[in-house]
Amino acid sequence: DSQCCRMKGFAQHGGTTTFDHCESVARLSYALNRRLHLGADDKGLVSAAFLHDFYLYDWHEKPSGRRLHGFRHPHIAAENARERFGLGKKELRAIETHMWPLTLTKIPSSREGWIICLADKCCAVREFLTSKVK
């Protein structure tokens, strides 16, 4: 999808693009689900994981950057995923809750949500630690 390809043009963590980050979260989510026999729905899990940061803007830009990006982008990504791909309620909820515990009141409520939340943190830490310091 051309909209997903737009994620290749936005930096996520260090030198990692939003597309690459989302792909890594989808791969890790799938691997965790399979290897640990967590019982999440593979299709819904991978779809939500890949679209969890489908917000389509550069949050690093100043002063036009998005205020409170960490708190707001899950809802923006979920809305974009709903409009573009028609994801179900469970997948949308997983996207909306992936930033927990930063978003205290948005707690994952499904296996898929918890897996994506964990995978996102793991991938973000790896990307941060492997990025080149400027």
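Take the residues in segment 78-98 that are under 16 Å from Ser109 (Cα atoms) and among the small types (Gly, Ala, Ser); name whichever of them is surrounded by the most Cβ atoms within 10 Å (Cβ to Cβ).
Within segment 78-98, the match that is surrounded by the most Cβ atoms within 10 Å (Cβ to Cβ) is Ala94.
From the list His75, His52, pick out the single residue that is open to solvent by less than 30 Å² (accessible area, probe 1.4 Å) and either touching a strand residue (DSSP E or B) at 6+ places or on another chain (Cβ under 9 Å) or closer than 19 Å to Gln3 by Cα (or both).
His52 is the lone residue from the list that is open to solvent by less than 30 Å² (accessible area, probe 1.4 Å) and either touching a strand residue (DSSP E or B) at 6+ places or on another chain (Cβ under 9 Å) or closer than 19 Å to Gln3 by Cα (or both).
Residues to consider are Leu92, Leu32, Leu38; find the one that is in contact (Cβ under 8 Å) with a residue 60 or more places away in the chain, touching a helix residue (DSSP H, G or I) at 6+ places or on another chain (Cβ under 6 Å) and part of a helix (DSSP H, G or I). Full working, then the answer.
Values: Leu92 fails: in contact (Cβ under 8 Å) with a residue 60 or more places away in the chain; Leu38 fails: part of a helix (DSSP H, G or I).
Exactly one residue qualifies, and that residue is Leu32.
Would you mind finding the one in Arg84, Arg67 that is farther than 20 Å from Ala119 by Cβ and touching a Leu at 6+ places or on another chain (Cβ under 9 Å)?
Arg84
Please determine whether any residue of segment 59-69 is of a type in the set (D, E, K, R) and under 19 Å from Lys8 (Cα atoms).
yes
Give me a count of the residues in segment 118-132 that are assigned to a helix (DSSP H, G or I) and either touching a Leu at 6+ places or on another chain (Cβ under 7 Å) or open to solvent by 70 Å² or more (accessible area, probe 1.4 Å) (or both).
9
Against the conditions (1) in a loop (DSSP other than H, G, I, E, B); (2) under 21 Å from Gly15 (Cα atoms); (3) under 16 Å from the mean Cα position of the chain (by Cα); (4) without any contact (Cβ under 8 Å) to a residue 12 or more places away in the chain, where does Pro101 fall short? Just the number, please.
Condition not satisfied by Pro101: (2).
Please tell me if Ile115 is open to solvent by less than 20 Å² (accessible area, probe 1.4 Å), part of a helix (DSSP H, G or I), under 13 Å from Tyr55 (Cβ atoms) and among the β-branched types (Val, Ile, Thr).
Considered against the rule, which asks whether it is open to solvent by less than 20 Å² (accessible area, probe 1.4 Å), part of a helix (DSSP H, G or I), under 13 Å from Tyr55 (Cβ atoms) and among the β-branched types (Val, Ile, Thr), Ile115 comes out as no.
Check whether at least one residue in segment 62-75 is among the charged types (D, E, K, R) and modelled with pLDDT of 90 or more, and report yes or no.
No, segment 62-75 contains no residue that is among the charged types (D, E, K, R) and modelled with pLDDT of 90 or more.
Picking from Ala26, Ala48, Ala31, Ala11, which residue would you name as being closer than 19 Å to Cys123 by Cβ, of a type in the set (Gly, Ala, Ser) and in contact with a Gly (Cβ under 9 Å, 6 or more places away or on another chain)?
Ala48
Please determine whether any residue of segment 61-70 is touching a helix residue (DSSP H, G or I) at 6+ places or on another chain (Cβ under 8 Å), without any contact (Cβ under 8 Å) to a residue 12 or more places away in the chain, assigned to a loop (DSSP other than H, G, I, E, B) and surrounded by 15 or more Cβ atoms within 10 Å (Cβ to Cβ).
First pass over segment 61-70, keeping only residues touching a helix residue (DSSP H, G or I) at 6+ places or on another chain (Cβ under 8 Å): 66.
Add one more test, that the residue is without any contact (Cβ under 8 Å) to a residue 12 or more places away in the chain, and what stays is 66.
Cutting the leftovers down to assigned to a loop (DSSP other than H, G, I, E, B) gives us 66.
Filter once more, keeping what is surrounded by 15 or more Cβ atoms within 10 Å (Cβ to Cβ): 66.
Scanning segment 61-70 turns up at least one residue that is touching a helix residue (DSSP H, G or I) at 6+ places or on another chain (Cβ under 8 Å), without any contact (Cβ under 8 Å) to a residue 12 or more places away in the chain, assigned to a loop (DSSP other than H, G, I, E, B) and surrounded by 15 or more Cβ atoms within 10 Å (Cβ to Cβ).
The values are calculated or read from the model by the stated rules, or taken from the named source; none is laboratory data. Note that the structure is a prediction, hence the values are computed from the model and not measured. Using ideal geometry, Cβ is built from the backbone for each residue, glycine included, and neighbour counts are taken over all protein chains shown. The accessibility values were calculated without ligands, DNA or RNA, using every heavy atom of the protein model including side chains. Shrake-Rupley method; radii C 1.70, N 1.55, O 1.52, S 1.80 Å.
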